[in-house]
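First the structure, in the form of structure tokens, and then the observations on it.
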Amino acid sequence: MSYMRGPSYVWGDSTRLHVRVDDGYDGWDDTSWAGGRRQSQGADSAPHDGASGVGIRQEIADAYVVMRLAELVCEQRIRAVVESAVTSFVGTWRMRPSGVPGDLTKQVITVEPAPDGAKVTADIDYGKGTGVAYSYITKFDGTEAPVYSSGKVVVTIRVRKTGPNV
């Protein structure tokens, strides 16, 4: 299960991607396909009153993600978007099992601010007596940073900030 939280809350399960917006408005009427359409209103409903959401079949969401990833690669913006996603989500993230029968996997990922970067700690419990834990501290200047698991360096990463917001 993956998710993002905030005024727009996005999460997925084994069958659907779910999107909820706090103000109930997703900007649909600002799109080119809206073409003069008006939002339908019930007798006692007001436009954009309260939260609303939608569930999209996972295979549709997956196809969109692949298409969007291809756009970001072609635009040479993938690194900036990944950095923004990582730095925007300081906090502790708990991921539950996928909903697939028998899947007991649990993940806890903690992202903390660090000087000029972030500290990331992850604990993954596969639910059958196995799991993995890793951590790293990275600066956003492109210098190499070691990723540790069981006290050993298992890989190195580089993260570079490419703009004022990402």
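The values are calculated or read from the model by the stated rules, or taken from the named source; none is laboratory data. Predicted model, so just to flag it, every value in this text is computed and none were measured. Neighbour counts are summed over all protein chains in view; Cβ atoms, including those assigned to glycine, are modelled from backbone coordinates with ideal geometry.
Can you find a residue that is out of contact with any His (no Cβ under 9 Å at 6 or more places or on another chain), of a type in the set (S, T, N, Q) and either assigned by TED's automatic domain parsing to the domain that holds G12 or modelled with pLDDT of 90 or more (or both) anywhere in the stretch 99-115?
no
Determine if the stretch 10-17 includes at least one residue that is closer than 30 Å to D116 by Cβ, surrounded by 11 or more Cβ atoms within 10 Å (Cβ to Cβ) and modelled with pLDDT of 65 or more.
yes
Give the stretch 152-166 a look and list any residue that's within 16 Å of V120 (Cα to Cα) and either modelled with pLDDT under 70 or among the aliphatic types (A, V, I, L, M) (or both), or say none.
Selection gives V153, V154, V155, I157, V159.
Kindly indicate which of A46, A51 is exposed (fewer than 15 other Cβ atoms within 10 Å of the Cβ), in contact with a strand residue (DSSP E or B) (Cβ under 8 Å, 6 or more places away or on another chain) and either at pLDDT 80 or above or aliphatic (A, V, I, L, M) (or both).
A51
Which condition number does G129 fail, the rest of (1) in contact with a Ser or Thr (Cβ under 9 Å, 6 or more places away or on another chain); (2) modelled with pLDDT under 85 being met?
(1)
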